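Asker: Before I ask anything, here is the structure I am working with.
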Amino acid sequence: MANITAAEVNNLRQITGAGMMDCKKALVEAEGDVEKAIEILRKKGQKVASNRADKDANEGKVIAKVSADNTFGSMIMLNCETDFVANSEAFVTFANSVVDLAIEKRVKSLDELLQQNINDRTVEQAITDLGGKTGEKTTLAHYECLAGERVFAYNHLGNRLATLLALNKSNNEVEVVGRELAMQVAAMAPVAVDETSIPQNIIDKELEIAKDIVRQEGKPEDMVEKIAMGKLNKFFKENTLVNQIFVRDGKKTVAEYLKQTDPTLKVTEFKRLILGE
């Protein structure tokens with residue numbers, strides 16, 4: 001049996017919101033594997049928060065910007081240890097300069113960004129230098145980018161959350177749509193644009209969990225598949241952007257909002273970063 005520590009139990013509790021004893025039992029059953037323990041809790045119907053922002057996380061800034069022609073966007077998460085450093089002028093200025101560099105060079109990956117030159121140093125070296133000045137561990141934890149006909153960036157107040165969103169068209173008519181949907185992604189945290197863009201392994205896992213829950217509810221075996229599919233469809237509705245209720249108008253979905261603006265208007269892709277994830 002795996003030796004489960006109190007710290008590991010507390011970590012799982014912060015991630016899932018489940019009780020301490022339930023978390024300990026799940027970790028024992030999963031032999032210390034956190035992801036397996038989360039799945040075990042879900043199958044047993046325990047509370048598992050979809051928003052994991054409350055788990056232990058570093059401080060820092062998340063910043064998203066787009067190029068002058070609005071066809072390319074970059075977004076970074078630069079981490080440090082305290083909000084005091086995160087809000088300092090030096091840290092914020094450096095974070096913005098890294099995003100600007102990524103846009104200028106149209107950088108495609110985190111590794112590529114770390115090797116770019118900034119003030120006669122690589123970004124990786126400059127991050128180390130910044131940590132030496134602040135006295136705190138500083139890391140470039142995440143980098144995302146998007147290219148499209150029209151790319152939008154949204155930065156939530158305080159720069160702890162940001163999004164990028166791309167549309168398949170660029171004209172005056174889509175400007176408001178793009179900004180509002182970039183905010184929708186920030187607020188509602190969809191996992192994909194639509195059900196066709198969700199990886200099959202995630203769909204299979206959700207269906208398996210739904211079936212287990214239905215069986216635990218005592219439903220007849222010949223009804224399990226049908227009820228589980230209903231739960232899966234609910235998952236699609238709640239977690240795919242175009243099927244979500246549009247937050248600006250609770251009477252329509254995002255898909256209906258897009259169609260109302262332009263029947264051929266589509267969201268091609270989006271990215272979302274939140275501090276601590």
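The values are calculated or read from the model by the stated rules, or taken from the named source; none is laboratory data. Not measured: the values here are computed from a predicted model. These accessible areas exclude ligands, DNA and RNA; they are computed on the full protein's heavy atoms, side chains included. Shrake-Rupley method; radii C 1.70, N 1.55, O 1.52, S 1.80 Å.
Asker: Whole number please: convex hull volume per residue of the Cα set in the chain, in Å³?
Answerer: 161
Asker: Next up: Quick check on segment 149-277: take the gyration tensor over C-alpha atoms, sort the square-rooted eigenvalues as a ≥ b ≥ c, and tell me if it's rounded (a/c under 1.5), prolate or oblate.
Answerer: The shape class here is prolate.
Asker: How many Å² of accessible area per residue for segment 143-202, probe 1.4 Å?
Answerer: 47
Asker: To continue, here is another question. Round to a whole number: what % of the accessible area of the chain belongs to carbon and sulfur, probe 1.4 Å?
Answerer: For the chain, the apolar C and S fraction of the accessible surface comes to 49 percent.
Asker: Hey, can you find the accessible area per residue of segment 207-257 for me, probe 1.4 Å, expressed in square angstrom?
Answerer: 60
Asker: For the chain, what relative contact order do you get, as a whole percent, if you take Cα pairs closer than 8 Å and at least 6 residues apart?
Answerer: Relative contact order here is 19 percent.
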